[in-house]
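Single-structure report; data block below.
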Amino acid sequence: MIHEVWIPPVHRDLTAGVERVQVEAATVGATVAALDARFPGMAARLTRDGKLRPGIAVAIDGVLSSRGLRQRLNAPCEIHFVPAIAGG
Amino acid sequence: MTVTSPQYKVIGTRPLRPDGIDKVTGRAIYGADVKLPGMLHGKVLRSPHAHARILSIDASAARALPGVRAVVTGNDMPAIGDKIADSGESVVNLRYVSNNLLAREKVLYYGHAVAAVAADNVHIAEDALRLIKVEYEVLPHVIDGRAAMTAGAPILLPELRTDELGKQGDAPTNVAAHIRHQRGDLAQGFAEADVIVERTFHTATVHQGYIEPQTATVLWNEDDTLHIWCSTQGAFYVQEQVAELLQMPTSRIVVTPTEIGGGFGGKINVYLEPVAALLSRKTGHRPVKMTMTRAEVLAGTGPTSGSYIRVKMGARRDGALTAAEAELLYEAGAYPGSPVDSGCGGIFAPYKLENVQVDGYDVVVNRPKSAAYRAPGGTNAIFASESVVDELAEKLGLDPLAFRLQNAVREGDRRVDGPVYNRIGYVETLEAARAHAHYQTPLTGKHRGRGVAAGFWFNWGGKSSVTASVNADGAVNLIEGSTDIGGSRASIAMQLAETLGIPYEDIRPQVVGTASIGYNDATGGSRTTFGAGWAVYEVGNKLLAEMRQRAADYWDAPVEAVAVDNGIFTQNGDKLTFRELAGKLDVPVTVSASVHPQGYGPGFGLHIVDVEVDVETGKVTILRYTAVQDVGTAIHPSYVEGQLQGGAAQGVGWALNEEYVYDEQGRLLNTSLLDYRMPTTLDLPMIDTVLVEVPNPGHPYGVRGVGEVPIVPPAAALANAIYHATGARMHELPMSPARVVARLAEVER
């Protein structure tokens, strides 16, 4: 299943400026692994100790996931890694 | 005024709140009301310096004072390495959190806690504080974010490196984080523009201003269980933070939340609880109560960030926005963690933009560590962007609401941080504002002006747990774990009543502590009516299923033969009301539900304000104020209106008067509500509200968070109104009389 991943602007130094890439993956974790295979260093920036880094959230088709790397991708979707936001 | 209203029996009505009588008669138990046998009183010694190294602390004289039972310092806190932890919605470095509660090595702001005393009464504790000798080496300080970013600025945290969404810098800095959102071709977008406006704004540090100071009573029991009674937005957050800071298992900590006198984000972090716990243990397991003074609240708890924001936007003559760029610098206070991330995500949120770039910087300065404040970071950001939008509309000769409508985001449009919006009600909100009598009525008179501004907030779902049990008289006990700040007992009970098909008055809600309910995230992020509402919807359906089975058992019929509708169970001509069936239960019915829903949607608002400016004194008088907002489904419209009015009132204070004032040594000068000027009823007109109900498809009753959006537009709306009254564009908050006079003089020159 092919998904569209938007590369965070601060990490486009790893993608030679490329903004969006197509990735085939079944989970967010597999998506990060696929990104890292194409753009070495990406996983180290987005993850730590097998989880998304604290402060980074993942949005699937505009909806933030609470499952992080374990989030399954059951249909073709658009994936964004964004700063996690806190409310008051 | 309500624009649309779906058909419900309970939802949309305005019943009395369950906690109302206790609160208006003074019987409700707040944190300061907690009294335990043998209870001691604790006080905190705070730093008189903005930045200093602690050379020594000598508490021997304090310990020798009769009535003093214990003294603690930072050395009594367990040593914690640089552990990054999720704390609810926030991410924190636990070492920084620990050092913020009791400083080790260095104090980083005026008011930073250095030591604490437990004594037989508050007066002895205060006397003891004066006997503690702290030797400091005063260091150069920096309280301004721009200055903190310059080469040669005093470095607050030598180990700090700039984080860029996981990419780490390699040099010491005061810039804790850099955020960037970027899409499209900015240069091309500005090249297409016929009009470009670029301005820089400054906003002052302001406090949440909850009326009830922080208070906590803690007993460290002989069996090493910790009992905490406190005023908090999230009992489970207190449990988690104390567990991490004191290195205890969460299961050994029981937190009982008292009623709360406001929080607005400022009562999510702990300040007193771990300190009172350490004192309790050191006194031989006596309970210790600590209550802050107002001065301590202002100096020692988290305000929200001051900021510098540069905004540049361009539009074609036909009114279409072509590009937008912003740079936001937020002062985090002494440790990383300003709300610059949400400022970056929200600054252009109301606008459809193809070419956009936003950069944000989280900068540490020698001020109290910032904490969440209602739509954290949103007011600062929107003050800047909505001021520029107003100027663009004027230069294009367009009506400011028409200009916003032309460029408004709709479902399917892309947010500045990337993801697309699902169903939102911004366009409906703008249309309601444009049609409102306030906007349609001409404003006349000298030095009078009307301003409008949009607002946005992300909202949140979070985790919620509830338990419901059926009483023999048909009433349903509802046990919930969300602190009730804005009427959530009522709004949650109403959703359960709607689900069950029984009267609201038959739901008996109670807010309980961590030992009595499943996990609940804090009441924050505009989440409780949404998230706990989801939980009671689930629990209501489970409960109906159980009751249906009981009816089947009673009638000795298969459960499939029993129908339930609107609280009435029927089978083959027989009928039982919910109440009748409750009286016939052989086996009690108790059900629980826990949820973590993700379908919250962001909220949008539009405020309209008329002002009159005294050009000699600079005083801004608000003549009329209307807050329009997409609120999803208004469960209890009065409390939704109250949220809009409360948010607008706080925003007015932020806009016109409130600010932290420091001297040259970095000492906070206005630590009382006489000098820190919050608005009173005399400063505010009746705030009219328009509830635009665009149901949120991510909730069974269409609920959308409402509490944070309304603090976002007021500063920009007032700035725009002041401009239209005087011809002076305001670029700095607060727009106090002195600043207005100075700006008018500047414009005249």
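We did not get these values from a lab; they are worked out from the coordinates using the rules stated. Here the structure is a predicted model, which is why all the values come from computation and not from measurement. Quick reminder, even Gly has a Cβ in these numbers, built from the backbone with ideal geometry, and neighbours come from all protein chains shown.
What is the distance in Å between the Cα centroid of the stretch B:527-575 and that of the stretch B:580-622?
28
So if R0 is 60 Å, what FRET efficiency would residue A:37 and residue B:150 give, r being the distance between their Cβ atoms, rounded to the nearest 0.05?
So, using R0 = 60 Å, E works out to roughly 0.90.
Take the alpha-carbon centre of the stretch B:79-131, take the same for the stretch B:234-267, and report the distance between them in whole Å.
16
Under the Karplus relation 6.51 cos²θ - 1.76 cosθ + 1.60, θ = phi - 60°, what is the ordered set of whole-Hz ³J(HN,Hα) values for the stretch B:585-594, x standing for Gly and Pro?
For the stretch B:585-594, the Karplus curve yields 6, 6, 10, x, 10, 9, 9, 10, 8, 10 Hz.
About the Cα centre, and with charges only on the beta carbon of Lys, Arg (+1) and Asp, Glu (-1), how big is the dipole of the stretch A:2-83? Nearest 20 debye, please.
300
For residue B:619, what residues show an amide H to amide H distance below 5 Å, using hydrogens built from the backbone and excluding near sequence neighbours?
Placed amide hydrogens put B:614 under 5 Å from residue B:619.
If the reach is capped at under 29 angstrom between alpha carbons, list the lysines near residue B:575, excluding any in the same chain fewer than eight residues apart.
Here the lysines satisfying the reach criterion relative to residue B:575 are B:9, B:542, B:584.
I need the Kirkwood Rh of the stretch B:38-126: take the reciprocal of the average 1/r across all distinct C-alpha pairs and report it in angstrom.
14.2
At R0 = 22 Å, how high is the FRET efficiency between residue B:8 and residue B:422 if r is their beta carbon distance? Nearest 0.05 is fine.
Plugging the Cβ-Cβ distance into 1/(1 + (r/R0)^6) gives 0.45.
If you take every DSSP beta bridge whose two residues both sit in the protein assembly as shown, what share of them, in percent to the nearest 5, is antiparallel?
75
If I model a spin label at residue B:574 and residue A:66 as a point 7 Å from the Cα along the Cα→Cβ vector, what separation in nanometres do I get?
Once both label points are built, they end up 4.0 nm from each other.
Is the shape of the stretch A:2-83 best called rounded, prolate or oblate, per the rule: a/c under 1.5 gives rounded, else a/b larger than b/c gives prolate, else oblate, with a ≥ b ≥ c the square roots of the Cα gyration tensor eigenvalues?
rounded
Hey, what do the phi angles of the stretch B:461-466 turn into as Karplus ³J(HN,Hα) couplings, whole Hz, using 6.51/-1.76/1.60 and θ = phi - 60°, x for Gly and Pro?
With coefficients 6.51, -1.76 and 1.60, one gets x, x, 9, 9, 9, 9 Hz.
Taking H as built 1.01 Å from N, whose amide H comes closer than 5 Å to the amide H of residue B:456, not counting residues under 5 places away?
B:605
Summarise the partner chain shielding of A:47-58 as one whole number: the mean count of Cβ atoms from other chains within 10 Å of each residue's Cβ.
For peptide A:47-58, the averaged partner shielding equals 3.
Would you pull out the residues with amide H under 5 Å of residue A:88's amide H, same chain only if 5 or more places away, H placed 1.01 Å from N?
B:374, B:375, B:525, B:526
Can you compute the charge dipole magnitude of chain B about its Cα centre, using +1 on each Lys and Arg Cβ and -1 on each Asp and Glu Cβ, nothing else charged? Give it in debye, rounded to the nearest 20.
820
Using the Karplus curve 6.51 cos²θ - 1.76 cosθ + 1.60 with θ = phi - 60°, what ³J(HN,Hα) values do you get for each residue of the stretch B:554-571, in whole Hz, with x for Gly and Pro?
Here the 3J(HN,Hα) series is 4, 8, 6, 10, x, 4, 5, 7, 8, 9, 9, 8, 6, x, 10, 9, 9, 7 Hz.
Could you please state, rounded to a whole Å, how far the C-alpha centre of the stretch B:155-232 is from the C-alpha centre of the stretch A:3-79?
Each part's Cα centre sits 24 Å from the other's.
Run the quick spin-label model on residue B:63 and residue B:161: label points 7 Å from Cα toward the beta carbon, then report their separation in nm to one decimal.
Each label point is offset 7 Å from its Cα along the Cβ direction, giving 4.0 nm.
May I ask you to derive the relative contact order of chain B, considering only C-alpha pairs under 8 Å and at least 6 residues apart, and to give it as an integer percent?
16
May I ask you to list the aspartates and glutamates whose Cα is less than 12 Å away from that of residue B:106, ignoring any residue fewer than eight positions away on the same chain?
B:135, B:137
Classify chain B as rounded, prolate or oblate, taking a ≥ b ≥ c as the square roots of the eigenvalues of its Cα gyration tensor: rounded when a/c is under 1.5, otherwise prolate if a/b is larger than b/c and oblate if not.
oblate
Pull out a ≥ b ≥ c, the square roots of the eigenvalues of the alpha-carbon gyration tensor of the stretch B:5-73, then state rounded if a/c is under 1.5, prolate if not and a/b is larger than b/c, and oblate in the remaining case.
The shape class here is oblate.
What lysines does residue B:289 reach when the alpha-carbon gap must be under 26 Å and sequence neighbours fewer than 8 apart in one chain are set aside?
Those lysines meeting the cut-off are B:23, B:35, B:43, B:133, B:267, B:369.
Take the alpha carbon atoms of the stretch B:408-492, find their radius of gyration, then divide it by 2.2 N^0.38 Å using N residues; give the quotient.
Rounded to two decimals, the normalised Rg is 1.79.
So what's the back-of-envelope 222 nm ellipticity for the protein assembly as shown, counting only DSSP H runs of four-plus at -39500 (n - 2.57) apiece and dividing by all residues, rounded to 500?
My calculation for the protein assembly as shown gives -8000 deg cm²/dmol from helical runs alone.
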